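Below: the structure, in C-alpha cells.
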Amino acid sequence: MKKASLLRTAATALTLALALSACGAEPAAHSIAASHPLNRLLPEHVRQSGKLKIGGSTNVAPYLYRDGSDITGFEKELMDALGKELGVDIDFYDAGFTALVPGLQSGKFDVAMGDFTDTLERQQAVTFVDYTASYQTLFVQKGNPKRLRTAGDLCGTTAAATVGSLSGDLALKQDAICRKAGKAGVKVMEMDNNAATMMQVRTGRADSVVIDYVIGRYVAENSDAGEVAGKAFYKQFHGAAVRKDNATLRKALGAAFEEIMRNGSYERVLKHWDMERLAMDAPRVNAATS
C-alpha cells in the first residue's frame, strides 16, 4: 500500500510540474504577442527562436560598416528598429554582396539587407520589400578638372568601376550612348574592389566613378579621394530581400516597415544619418523597373 501511495504521489507531482512548466511558457509567448502584435505575423521558426537572421555586407559606409568590433550605420539602426517592432533579436551575418542571394536560398539567413539594390535580375531569385530610394552620382577628382556634371559629360573620358558593379554597367551603357551619338566613347577601367576603383580617381588615372550618392558623399567628406559632382541621378530602390517562397516573412517585414514609418522611428534614423532624401512614404514590393 505504501509503495502504491508513493507512486501515485510521484505521478501527481510530475503531472503538476509539467503543467506548471507549460503554463510558464504560455504566458511568455502571450506576453510577446501582447507587447509586439506584429510578432504573430512572423514565420513559426522565427517566432520560436526569437531571432531574425539578417545577412548584409559591412563594406558600404555609411549604410553598414564596422567601427572597430562594432557594426554600425544607417541600415544597422533600421534592423534594430525592425527587431523592436517584431519582438525578436537580430542575428546578423556579415556576408559579401555575391553571397547574399545564395545565403537566402540555402537558409543561412532569413533576410538580405544593407545597401542591397532591388533590380529586375535579382527579382528572378528573391523578393524585395523596398524601404528607401537610392541614387547614383559622379565622383570625380578634386577640383573637378574635366567639369563633369552629368552622365552625358562622360563621353571622351575615363571612368573607373568595380567588376560586376552597377557603376560598371552604367559606364558601359553611357559608352554605347556616346558612340551612338557619334561622340567619343567612355573608357571603362574595371578594378577588382572598391578601394582600387576609388584609387584610380584619386591618382588621376580615371576621371570619375559612377557611385551611389550616399557613399560618394561619405567618401568625399571623410577622405581626400575626390568630390561629388553634379546632381544625383538614376533613381533606384534599396530593399530587404527574402526567398520568393517566403510570403509570410515578406508580409511581416512590410508591416514592420509600415509601423516604423508611422511611429517616427524611420524618420529619426534617416535624419540621424542625413539621408532624408532617400525617404519613401510606404514600403513597396519589387519596385525596381530595371
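I want to check the label-to-label distance for ARG268 and VAL285. Put each point 7 Å from Cα in the C-beta direction and report it in nm to one decimal.
Each label point is offset 7 Å from its Cα along the Cβ direction, giving 3.0 nm.
Please figure out what share of the DSSP beta bridges in segment 112-255 is antiparallel and state it in percent, rounded to the nearest 5.
The antiparallel proportion sits near 75 percent.
Mean separation of Cα pairs under 8 Å and 6+ residues apart, divided by the residue count of segment 105-189: what relative contact order is that in percent?
23 percent
Calculate, for segment 143-290, the solvent-accessible area per residue in square angstrom, rolling a 1.4 angstrom probe over the heavy atoms of the protein chains.
52 Å²
Nearest 0.05, what FRET efficiency do ALA181 and ARG149 give at R0 = 22 Å with Cβ-Cβ as r?
That gives a FRET efficiency of 0.80.
Beyond 28 Å, how much of the Cα-Cα pair distribution for the chain remains, as a whole percent?
So the portion of pairs separated by more than 28 Å is 47 percent.
Considering only ALA159, ALA176, GLN200, whose Cα is most displaced toward the positive end of the charge dipole of segment 154-200, charges sitting on Cβ of Lys, Arg (+1) and Asp, Glu (-1)?
Positive-most Cα among the choices belongs to ALA176.
In whole percent, how big is the carbon plus sulfur part of the accessible area of segment 127-280, probe 1.4 Å, protein atoms only?
Percent of accessible area from carbon and sulfur atoms in segment 127-280: 48.
Under the rule of -39500 (n - 2.57) per DSSP H run of 4 or more residues, summed and divided by the residues of the chain, what mean residue ellipticity at 222 nm is obtained, to the nearest 500 deg cm²/dmol?
Helix contribution divided over all residues of the chain: -13500 deg cm²/dmol.
Remind me, relative contact order of the chain in percent, using alpha carbon pairs under 8 angstrom and six or more residues apart?
Over the chain, the number comes to 24 percent.
Report the GluC sites (Glu not before Pro) located in segment 36-110 that are in a DSSP loop and have at most 11 other Cβ atoms inside 10 Å of their Cβ, or state none.
Sites meeting the loop and neighbour criteria: none at all.
Return the long-range amide H neighbours of GLY185 (sequence gap of 5 or more, or a different chain), with a cut-off of under 5 Å between placed amide H atoms.
GLY156
Return a whole-number percent for the relative contact order of segment 214-290, with Cα pairs under 8 Å and 6 or more residues apart as the contact set.
24 percent
Measure off, as a whole percent, the carbon and sulfur share of the 1.4 Å-probe accessible area of segment 38-104, all protein chains present.
Carbon and sulfur: 44 percent of the exposed surface of segment 38-104.
My understanding is that a pair violates if its Cα-Cα distance is over 19 Å; which of LYS84/LYS108; LYS51/LYS108; LYS142/LYS235 do that in this structure?
The pairs that break the limit, which is 19 Å between Cα atoms, are LYS84/LYS108; LYS142/LYS235.
Any chance you could give the angle, 0 to 90 degrees and rounded to 10, that helix 247-263 forms with the longest Cα principal axis of the chain?
That helix lies at roughly 80 degrees to the long axis.
Based on DSSP, what percent of beta bridges with both residues in the chain are antiparallel, to the nearest 5?
Roughly 65 percent of the beta bridges in the chain run antiparallel, per DSSP.
So, with +1 on the Cβ of K and R and -1 on the Cβ of D and E, and no other charges, what is the size of the charge dipole of the chain about its Cα centre, to the nearest 20 debye?
My answer is approximately 460 debye.
The values are calculated or read from the model by the stated rules, or taken from the named source; none is laboratory data. Since this is a predicted model, take the numbers as computed values, not measurements. Don't worry about glycine lacking a Cβ; one is built from the backbone with ideal geometry, like all the others, and counts go over all protein chains shown. Protein only, heavy atoms only, side chains kept; ligands, DNA and RNA dropped before computing areas. Shrake-Rupley method; radii C 1.70, N 1.55, O 1.52, S 1.80 Å.
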